[in-house]
């Protein structure tokens, strides 16, 4: 087993109450770990939220994080989706420089990636895309050639495949 730090994907089910996000993220940051990506949203049970946390840590550090999370009263379940067969997605919005005579090129790129044009400005197109990190990175690389005016990504969400909760 390697001591090198690697990215870990945690799915954490917590109480849907004020202060829970702060307690969880505070615990991780106090131990010197950086949260690379964080998404939080209610689940099918309105009293619970699911946090998807991407953190870089070696195995010992990751074990420390999960043990400390289990101690928090507001945490109900922790799933490590890093090595598991999971569905992972991100959402990204690209605002791309689009002169009227080149818009068709940007629209073609969006179509290839099954993305949607969601806004048209005088000199820009806003494209919405979902997918895994490599797909969105590939789109970003192509759009850079046209000029990206703005870009925002949601961060990763993930859920285990199959019938497991």
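A Gaussian network model of the chain, with springs between Cα atoms under 10 Å, assigns the largest mean-square fluctuation among 17, 135, 95 to 17. Once the gyration tensor of the Cα atoms in the range 87-160 is diagonalised, the equivalent ellipsoid follows with semi-axes of 23, 11, 10 Å, ordered largest first.
Size of the range 1-49 from its Cα atoms: along the principal axes, largest to smallest, the extents are 40, 21, 16 Å. Model label points for residue 152 and residue 66, set 7 angstrom from Cα along the Cα-to-Cβ axis, are 3.4 nm apart.
Residue exposure proxy: 40, 14, ordered by other Cβ atoms within 10 angstrom of their Cβ from fewest to most, comes out as 40, 14.
Summarising the strand pairing of the chain, around 100 percent of its internal DSSP beta bridges are antiparallel. Shown here: the chain, whose C-alpha atoms stretch 58, 40, 33 Å along the first, second and third principal axes, sorted largest to smallest. Put simply, the Cα atoms of the range 97-138 extend 30, 16, 14 Å along their principal axes, the longest span coming first. Note that the range 6-84, at 37 °C in a medium of 0.692 mPa s, gets a Stokes-Einstein diffusion coefficient of 263 µm²/s from its Kirkwood radius over C-alpha pairs.
Kindly state, to the nearest 0.05, the FRET efficiency for residue 111 paired with residue 82, given R0 = 35 Å and r defined as their beta-carbon distance. It comes to 0.60. For every helix of n ≥ 4 consecutive DSSP H residues, a contribution of -39,500 (n - 2.57) applies; sum these over the chain, divide by its total residues, and give [θ] at 222 nm rounded to the nearest 500 deg cm²/dmol. After summing the helix terms and dividing by residue count, I get -8500 deg cm²/dmol.
Read-outs: derived from the displayed coordinates by stated rules, not from any lab. Please read these numbers as outputs of a predicted model, since none were measured by experiment. Please note: Cβ atoms are built from the backbone with ideal geometry, for glycine as well, and neighbour counts cover all protein chains shown.
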